[in-house]
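Engineer: Dropping a structure here in structure tokens format, bear with me for questions.
None of the figures in this text is laboratory data; all of them are computed from the coordinates on show. As the structure is a prediction and not an experimental result, all values here were calculated from the model.
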């Protein structure tokens, strides 16, 4: 879990980040939300792992579907929360 770094290092990993990503990390650290880059990365990984993509789906596919959904919402093509839950339950039942 994030923040639980007892015995944290067994090997070093060096990452070369684009300036934009480095700036975003720095902004998060300066905001006080995270105490270290390690804590930020750990929290980000926890979030990613808590919402896994359906089996076989790639991140690019997920992002495309998300964008399509946002565009549909912008056009007013929405359903109620209950309809969305029912649809999701049907989709999950097929998996």
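Engineer: Using just the helices of the chain, give the 222 nm mean residue ellipticity in deg cm²/dmol: DSSP H runs with n ≥ 4 each add -39,500 (n - 2.57), and the total is spread over all residues, rounded to 500. Please report the intermediate quantities before stating the final value.
Structural biologist: Working: 4 runs with 57 residues, N = 95.
Helix-only estimate at 222 nm: -19500 deg cm²/dmol.
Engineer: Given Cα pairs under 8 Å that are at least 6 residues apart, what percent is the relative contact order of the chain?
Structural biologist: Details: 21 pairs, mean separation 25.0, N = 95.
For the chain, the relative contact order is 26 percent.
Engineer: A follow-up question, please. Step by step: find N for the range 55-95, compute 2.2 N^0.38 Å, then divide the Cα radius of gyration by it. What's the final number? List each step's numbers first, then the result.
Structural biologist: On the way: Rg = 11.9 Å, N = 41, 2.2 N^0.38 = 9.0 Å.
After normalising by residue count via 2.2 N^0.38 Å, the value is 1.32.
Engineer: Between residue 44 and residue 15, what is 0.36 nm times their sequence separation minus the Cα-Cα distance? Round to one decimal in nm. Let's see the in-between values first.
Structural biologist: Details: separation 29, 0.36 × 29 = 10.44 nm, distance 1.56 nm.
Between residue 44 and residue 15, full extension yields 8.9 nm more.
Engineer: Mean projection of the alpha-carbon convex hull of the chain over all orientations, in nm²?
Structural biologist: On the way: hull surface 38.9 nm².
Quarter of the Cα hull surface area: 9.7 nm².
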